[in-house]
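The next block holds one structure in the form of C-alpha cells; read it before the comments.
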C-alpha cells in the first residue's frame, strides 16, 4: 500500500508521500514514490505513484527516458501541465495494458495511479490524479487536495482544515498529520516520508526533504497531536 | 454502506449504528440495523448488521422467528454468548449461501457481517464480529472495540481514546465522534443513529435511543469537535 497526498493552494503546491512497498506482509521494502522534474524558472513538476510497483516503475522509467532527448515529446517539453497529465495518463495506460496482458486472471493487480503536480512558466499551478486507465481529475478550489493509495484514515483532517487560502506552513502540517493518522492505522504505509513544496510562480522546488523514522520534529508533532486530540476529547460534552 | 461500532468496556457495552441503506446513490432508504433481544435480568443481546440488505434481513428474520418458540434453540435460549455468536454465524452462512446460489456471477455482493454483543446472567459481557462465512472474532482488552461497514474514517479516534477502563459516558462520546467522522466522509452512512448501552451484570438495556438528524446535542458535539480539532491544529508546531 501507499499514501500520497497533494495540496493545491493559492500559495503553492505541497506534496507528501510515504515510501513503503510490500508484496505481502513478509516482503516489505523502501522505494521512492515521489519524483521531481525541474527546469528552474521554467517548470517544476512532481509526480507521486501508488499501486503495482512494476507498473509505476516502468511508467516512470519511460517518462524519464523521454526527457533525456531534448528533441522528443516529454513532460519536460510539454507546453502545459494539462499536456503533462495527458502524457502520464497515456504512458500509464499503455504500461498497464502490457503488464495486465501477461497476467491473465491476476490482471486486476496490475494497477497504479499517479498524482501529477506542478507549474509551467506562464501557466497556473495544477494538481491532477491519474487513474489506472489513464483518465484523470484535477483539484479545484472546492476540493484543493488529491490523495492516492490508503486515503481514508487521513481524509478527515484535510476536510476540516485545508482551503485554497491555507498557508504553505499549515498545509505541510495538515499533510503530515494526515500521514500520521494513516501510518498509525495501516502498517503497509511507512516511514521515511518524502515532502516537497513548490511555491506559486517560482517554477522551482522550494523545499524537498526526506523525513526519516527517527525525525524528532515529526515524532514530537505526532505525540503533540495525539495529546491534543485526547485533550479535545475530554473537553467535548455530550 | 453502513457504519456500526461496538465497544466492550469493564463498565459495559456501548453500541452505535447508522440507518442508511442504499442500492446505488439514487436509491437511499432508512432501515434499522440494530436489533435488541432482552429478557431483563437474564440476558440482553444487541445485534448490528452491515452488508446486503436481503441477507441481513433474512438472517435477522430467521433468528427472530426462532425466538418465538420458547422450546426451540434460539439466541434467547442459548446457554452462552459464544453459542449466540455461533447461531448468528450459522444462520448468516446458510442465508449467504442460499442468496449467493441464485446470484451467479454477482454472488460476491450477497455478503453481510454482524456485530453481536451482550451478556447472559452468570457469564461475561462479550462482543463478537461475525464474518459473511459465519466465522467470528471477539473483542479483547487489547482491542476493546469492533466495527463493521465503513470502518476506516472512524478508527483513529477509537484507537486514541478507548481502553477497557473507559467510562460508559466517554465510550458513548468516542462512538459518536467516530460516527461523526464517518458521516462527514461517506455519504452512504447516514442519520438517524441508533445508540444502545448495556451495563455490566445488569442484563438489561440501560439506554436505547434514536438520534435524529435534527438532534441538537449531536449537532453541538459535531460542531464543537470540528472547532476543537481546528484549535488543536493551530496549536501544533512543526
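Every read-out reported here was derived from the displayed coordinates using simple, explicitly stated rules and does not represent laboratory data. Given the structure is predicted, the values throughout are model-derived calculations rather than measurements. Cβ coordinates were reconstructed from backbone atoms using ideal geometry, including for glycine residues, and neighbour counts include every protein chain displayed.
Brief remarks on what is shown
- Paramagnetic label zone (point 7 Å from Cα along Cα-to-C-beta, residue B:64; backbone N under 19 Å) in the stretch B:6-39: B:16-22, B:29-39
- Plainly put, the tip 7 Å out from Cα toward Cβ on residue A:101 is 4.2 nm from that tip on each other copy, the closest given first.
- Dimensionless Rg/Rh of the stretch B:1-115 - Kirkwood Rh, Rg from C-alpha atoms: 0.99
- Remark: spin-label model distance residue B:71-residue B:138 equals 3.2 nm, labels positioned 7 Å along the Cα→Cβ axis.
- Shown for residue B:212: label points 7 Å from Cα along the beta-carbon vector, and their distances to the equivalent points in the other copies, 6.0 nm in ascending order.
- Rg in Å to one decimal, and Dmax rounded to a whole Å, for the stretch A:115-214 via C-alpha atoms: 14.1, 42
- Expressed in Å, the radius of gyration and Dmax of the Cα atoms of the protein assembly as shown are 25.0, 85.
- When chain A is reduced to its Cα atoms, the Kirkwood hydrodynamic radius in Å: 18.3 Å
- Residue and distance for the chain A Cβ closest to the axis that moves A onto B, in whole Å, come to A:152, 2.
- In the stretch A:101-164, Rg over Rh equals 1.08, where Rg is the alpha-carbon radius of gyration and Rh the Kirkwood radius from pairwise Cα distances.
- For chain B, a Gaussian network of Cα nodes joined below 10 Å ranks B:164, B:132, B:70 by mean-square fluctuation, and the top entry is B:70.
- Peptide A:223-229 has a mean shielding of 5, counted as Cβ atoms of other protein chains within 10 Å of each residue's Cβ.
- Approximate spin-label separation residue A:216-residue B:200, in nm, with each point projected 7 Å along Cα-to-Cβ: 4.2 nm
- Relative to the longest principal axis of the Cα atoms of chain A, the long axis of helix A:168-185 lies at roughly 80 degrees.
- Ascending distances from the residue B:235 label point to its copies in the other chains, with the point 7 Å along the Cα-to-beta-carbon line: 0.5 nm.
- Each of residue B:105 and residue A:223 was given a label point 7 Å from its Cα along the Cα-to-Cβ line. The distance between the two points is 5.6 nm.
- Crossing angle, helix A:216-235 versus chain A [Cα axis fit, 0-90 degrees, rounded to tens]: 50 degrees
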